[in-house]
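Asks: Can you keep this structure in mind? I'll have questions shortly.
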Amino acid sequence: MEVKIGVQRAQRELVLDTDATPEDIEARLAEAIAGNGVLRLQDTKGRTVVVPAAAVAYLEIGSPNASTVGFR
């Protein structure tokens, strides 16, 4: 599923594909904000994105990715 993270004072958003559920992503964000910590998400290629919770402007959670064949 595609997740877009808007970061305060940044011109571009962070975009990653993850296997996490929307509920899991929302729970991680709520936990990070409550604890004044960081939002940590891992993409489908094993890379980790870490964003300070205080800097998150918005979080857009897309629908699950369907496998595609050919050109997009």
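The values are calculated or read from the model by the stated rules, or taken from the named source; none is laboratory data. Small disclaimer: the values here were computed from a predicted structure and weren't measured. Cβ sites come from the backbone with ideal geometry, for glycine too, and all protein chains shown count toward neighbours. What goes into the accessible areas is simple: the full protein's heavy atoms, side chains included, and nothing from ligands, DNA or RNA. Shrake-Rupley method; radii C 1.70, N 1.55, O 1.52, S 1.80 Å.
Asks: Determine the share of the chain's accessible area contributed by carbon and sulfur atoms, expressed in whole percent, with a 1.4 angstrom probe.
Replies: The C+S portion of the solvent-accessible surface of the chain is 49 percent.
Asks: What residues qualify as long-range amide H neighbours of G37, i.e. H under 5 Å apart, gap of 5 or more or another chain, H built at 1.01 Å from N?
Replies: Amide H to amide H, under 5 Å and 5 or more residues apart or across chains, G37 pairs with A53.
Asks: For n ≥ 4 DSSP H runs only, could you compute -39500 (n - 2.57) per run for the chain, divide by its residues and tell me the 222 nm figure to the nearest 500?
Replies: Helix contribution divided over all residues of the chain: -5500 deg cm²/dmol.
Asks: Would you kindly derive the ³J(HN,Hα) couplings of the stretch 37-46 from the backbone phi angles with the Karplus curve 6.51 cos²θ - 1.76 cosθ + 1.60 (θ = phi - 60°), listing them in order in whole Hz, with x for Gly and Pro?
Replies: Taking θ as phi minus 60°, the curve returns x, 10, 8, 10, 10, 10, 8, 5, 9, x Hz for the stretch 37-46.
Asks: Quick one: Debye curve from the alpha-carbon atoms of the chain only, equal weights, vacuum; give me log10 I(q)/I(0) at q = 0.16, 0.25 Å⁻¹ to two decimals.
Replies: So the normalised log intensities work out to -0.56, -1.22.
Asks: Let me ask another. What is the calculated FRET efficiency for Q8 to D43, with r their C-beta to C-beta distance and R₀ = 22 Å, to the nearest 0.05?
Replies: 0.50
Asks: For the stretch 55-61, just list the computed ³J(HN,Hα) in residue order, Karplus coefficients 6.51, -1.76 and 1.60, θ = phi - 60°, integers in Hz, with x standing in for Gly and Pro.
Replies: Each residue of the stretch 55-61 in turn: 8, 6, 8, 7, 9, 10, 10 Hz.
Asks: Using each residue's phi in the stretch 10-17, evaluate 6.51 cos²θ - 1.76 cosθ + 1.60 at θ = phi - 60° and report the 3J(HN,Hα) Karplus result to the nearest Hz, with x for Gly and Pro.
Replies: Karplus-based 3J(HN,Hα) across the stretch 10-17 equals 10, 6, 10, 8, 8, 10, 8, 9 Hz.
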